[in-house]
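Below you'll find the structure, written out as C-alpha cells, and then a few comments.
The values are calculated or read from the model by the stated rules, or taken from the named source; none is laboratory data. Predicted model, so just to flag it, every value in this text is computed and none were measured. Virtual Cβ from ideal backbone geometry, glycine too; neighbours counted across all protein chains shown.
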C-alpha cells in the first residue's frame with residue numbers, strides 16, 4: 001500500500017518499517033557545523049528561543065522578534081510561549097528570524113547590516129532549505145543558529161534539526177533533547193501524521209492538531225524519521241530536486257515567471273509568479289492531471305524587512321518526480337498559458 005504525503009511524495013508501509021534499520025548516509029552534519037537533530041523544526045525553534053531567554057536576550061513574552069508573513073500558524077504558537085512574533089520592528093525588537101522561503105535566500109547583506117546596527121540576534125528559518133547559497137556562502141550559516149525540517153524535504157514523517165557554531169547553545173540544546181523530550185506527544189504526532197497522510201479523516205486530523213499544539217515538547221528525533229531521511233538522501237534526493245528545478249528554469253527561460261531566481265539552490269517548491277488568470281489556469285490544469293498544487297504568496301524582494309509578496313502557484317520539483325514526469329508537468333503548464 002502506498003499513500004501520498006506532502007508535495008506528492010509517498011512511501012509504503014514497508015518503507016516505514018525500513019526506517020527502523022540504521023542508514024549511514026550523511027545528512028545535515030556533512031553540510032553544517034554543530035548539527036543537533038530534534039523531533040521537529042518547531043522543537044529546534046523552541047530550544048533556541050529558550051536559550052536566548054536564559055541568556056537574557058529575550059526578557060519575557062512581550063519581547064518582539066521579527067518574522068516573515070505567511071508562516072505556518074504553529075510557528076507563531078511556539079514563539080508566543082517565549083516571545084512576541086512581530087512583522088515590523090519597534091523599540092522592543094530584540095531579534096529577527098530570517099525565513100528563506102521555499103529555499104531561496106533572503107537579502108542577507110541588508111538584513112545583517114540592520115541587525116548589527118540594531119544589535120538584534122539573527123536566527124535563520126531553513127525549513128525549506130537543504131543546500132542553498134547566498135553569494136557563495138551556504139544559507140543557514142549567517143546567524144546565531146538555523147533550524148531545519150527534514151519532513152519538508154524527505155518523506156520522513158517528522159524530524160527537524162538545529163545548526164549552530166555556538167558551543168554554549170549546542171550544549172544547551174543537547175541537554176534539552178536528552179532531558180525534556182515528551183514521548184507521548186511524539187508518539188501522537190507520528191501516528192496521527194501517518195494516518196492523516198493515508199487519507200483525510202476528521203478524527204486523525206484533530207489528534208494531529210492537538211499534538212501540534214505541544215509539538216515543541218517532542219525534542220528528540222525518532223530513529224525511524226532520521227533513517228528514512230538518510231535513506232532518501234543516499235538515493236540522490238537533492239540531486240533530483242535540483243535537476244527538476246533546472247529543467248523548469250530552462251523550459252520557461254523566455255518567460256518572466258521565476259523572478260530572477262538563482263540556480264545554486266535546492267528548492268522546496270518552485271514558485272511561479274504570473275497574473276491571476278494564468279495562475280488559475282495552471283493550477284486547474286495540474287490538479288486535473290493528478291498533480292497537487294495550490295496558490296500561495298512569494299516575497300519577490302526576498303527581504304522580510306521590506307517584503308513584496310506576489311501570488312504564485314507551486315510547481316513541484318521534489319525527488320519523487322523523474323525527468324519524464326517533470327517534462328510532463330512543464331508541458332501541462334505550457335498548455336495553460
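Can you give me the number of residues within the stretch 54-82 that are closer than 16 Å to residue 120 by Cα and in contact with a helix residue (DSSP H, G or I) (Cβ under 6 Å, 6 or more places away or on another chain)?
1
Restricting to the stretch 269-285, give me the number of residues that are more than 14 Å from residue 309 (Cβ to Cβ) and within 23 Å of the chain's Cα centre (by Cα).
So the count comes out to 4.
Hey, among 218, 237, which residue is surrounded by 15 or more Cβ atoms within 10 Å (Cβ to Cβ), closer than 29 Å to residue 77 by Cβ and at pLDDT below 95?
That would be 218, the only listed residue that is surrounded by 15 or more Cβ atoms within 10 Å (Cβ to Cβ), closer than 29 Å to residue 77 by Cβ and at pLDDT below 95.
Output yes when any residue across the stretch 287-296 is within 22 Å of the chain's Cα centre (by Cα), in contact (Cβ under 8 Å) with a residue 40 or more places away in the chain and more than 28 Å from residue 135 (Cβ to Cβ), and no when none is.
Yes - at least one qualifying residue is present in the stretch 287-296.
Take residues that are modelled with pLDDT of 90 or more and surrounded by 13 or more Cβ atoms within 10 Å (Cβ to Cβ) and tell me which of the helices (runs of 4 or more DSSP H) falling wholly in the stretch 1-84 contain 3 or more.
Numbers: elements: 13-18, 41-54, 73-80.
Counting at least 3 such residues, we get 41-54, 73-80.
Can you tell me how many residues within the stretch 261-285 are touching a strand residue (DSSP E or B) at 6+ places or on another chain (Cβ under 8 Å), within 22 Å of residue 335 (Cβ to Cβ) and either surrounded by 18 or more Cβ atoms within 10 Å (Cβ to Cβ) or in the same structural domain as residue 114 (by TED's automatic domain parsing) (or both)?
Number satisfying all stated conditions: 9.
Filter the stretch 176-223 for residues that are part of a loop (DSSP other than H, G, I, E, B) and touching a residue at least 12 places away in the same chain (Cβ under 8 Å) and give the result. Explain how you work it out, then say what you get.
Looking only at the stretch 176-223, we keep the residues that are part of a loop (DSSP other than H, G, I, E, B), and these are 180-182, 199-201, 213-214, 218-222.
Scanning the stretch 176-223 gives 180, 181, 182, 199, 213, 214, 218, 219, 220, 221, 222.
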